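Only the coordinates and a few stated rules stand behind these numbers; no lab work does. In this text the structure is predicted, and so the values were computed from the model without any measurement. Please note: Cβ atoms are built from the backbone with ideal geometry, for glycine as well, and neighbour counts cover all protein chains shown.
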Ligand code: PMP
């Protein structure tokens, strides 16, 4: 049956980690990942999460099935984290939230919902974007277009290019936007730029699909959700949000995400939610219990929530410090042209390193980065910052 099945090439980013693991040099550094590591190079287990974990272990509750759309304490708390607890659209019953298998699962279920509701629509994603965006939307039959996003000469946003491309899209096109900490570039919109984009989406009747995988990793929980909150306050009546706790709770493997759909009124929301449930039922039937119980346990307990916010704040502050440290060390090594790294947001930086420079970093220094020049700033630490800065400065001298 499988005689003619072709071999799919491995994921280039995961392949990078395999090559890193096989590298015997003690100075090796993996900047290719999409994970936040602490100062000791470990994936942190947050103290607030450990606390709930202990409670759950003591209670040893039976593991029945969750409802198709997930744990209600989890979905309610997620909705409030996205929009703010006192948001009008929550009170009006216009927003429904579904627990999904990570942010990726939210993108997939959201893509399937939109393909059913808007069968003729195309989707536009930023150029560049997280590579899986193209794969997920392509897999459910969307034609995927690009809109201009990044300006390689400034290492920042090409806002005029973005506006021009969005304005040229056909009415009804779905537009995927990163709420904050753009992956892979680290270039985000200012509040004033978000207002312009949202006005344009409304004017041109474009459908917003927001992906928020890094809430709290740049400025703060409310600040990083600004795009979502501006949309909620805008005349736009329909949009969806795919969100993830992989990074903000450091729960990558627990696969905790959510799909939130905003409808015109409570009745429409109910009908849309019934469709979401049908899609999930025919896919994985219902989500898993543990990760959602951890997140709900933290978010719904005021003391643990305060502790989580503090821990999240520390991860955010440390990323800012690493950016600053890298820029300073690079300048000290004679490479001041990398000052833009400090203006970029989140875990990633589009460093501007060429494919050849990335290759030299790997071969000569055992430093692994994505071929596009994307580096994960959150994989730096005081132990490797100096080494990485020296190496980047060396390959930048040619
Ligand atoms: N969207 C973006 C922009 C991401 O960077 C990621 C993860 N790296 C995701 C979605 C998916 O998140 P999850 O790991 O929760 O599936």
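If you sort the three axes of the alpha carbon gyration tensor as a ≥ b ≥ c, you get a/c of 1.5 or more for the stretch 287-343 and a/b above b/c, which makes it prolate.
How do 12-23, 297-308 rank on mean C-beta neighbours within 10 Å, highest first? Please list the in-between numbers first.
Details: 12-23: 13.7, 297-308: 17.0.
The peptides rank, most packed first, as 297-308, 12-23.
Note that the chain, at 25 °C in a medium of 0.890 mPa s, gets a Stokes-Einstein diffusion coefficient of 111 µm²/s from its Kirkwood radius over C-alpha pairs. Between residue 73 and residue 205, the modelled labels are 4.5 nm apart [label points 7 Å from Cα along Cα→Cβ]. Separation of the stretch 151-220 from the stretch 1-32 is 31 Å, based on Cα centroids. Computed from the C-beta positions of residue 26 and residue 337, the FRET efficiency with R₀ = 35 Å rounds to 0.75.
Can you give me the relative contact order of the stretch 63-300 as a percent, contacts being Cα pairs under 8 Å and 6 or more apart?
On the way: 436 pairs, mean separation 73.6, N = 238.
This gives 31 percent for the stretch 63-300.
If both residues of a DSSP beta bridge must be in the stretch 63-300, then about 50% of such bridges are antiparallel.
What is the order of 75, 289, fewest Cβ neighbours within 10 Å to most?
Details: 75 22, 289 18.
Final ranking by Cβ density, sparse to dense: 289, 75.
Modelled label positions at residue 309 and residue 38, each set 7 Å beyond Cα in the direction of Cβ, lie 2.2 nm from each other. Extension gain, residue 270-residue 290: 0.36 nm per intervening residue step, less the Cα-Cα distance, totals 4.6 nm.
Here the contact order of the chain, divided by its residue count and restricted to Cα pairs under 8 Å and six or more residues apart, works out to 26 percent. Reported to the nearest whole Å, the Cα centre-to-centre distance from the stretch 296-339 to the stretch 48-76 is 28. Given in Å, the Rg to one decimal and the Dmax to the nearest whole number for the Cα atoms of the stretch 71-176 are 16.2, 47. Here residue 152 and residue 390 are evaluated by their C-beta separation; at R0 = 30 Å the FRET efficiency comes out at 0.75.
Each part gets one Cα centre, and for the stretch 367-382 versus the stretch 222-254 those centres are 25 Å apart. Across the alpha-carbon atoms of the stretch 154-235, the computed radius of gyration and Dmax are 12.3, 34 angstrom.
So, R0 is 56 Å and r is the distance between the beta-carbons of residue 354 and residue 59; what FRET efficiency does that work out to, to 0.05? For R0 = 56 Å, the calculated efficiency reads 0.55.
The modelled label-to-label distance between residue 383 and residue 234, using points 7 Å beyond Cα along the C-beta direction, is 4.4 nm.
Dividing the C-alpha radius of gyration of the stretch 63-300 by 2.2 N^0.38 Å, with N its residue count, gives 0.95.
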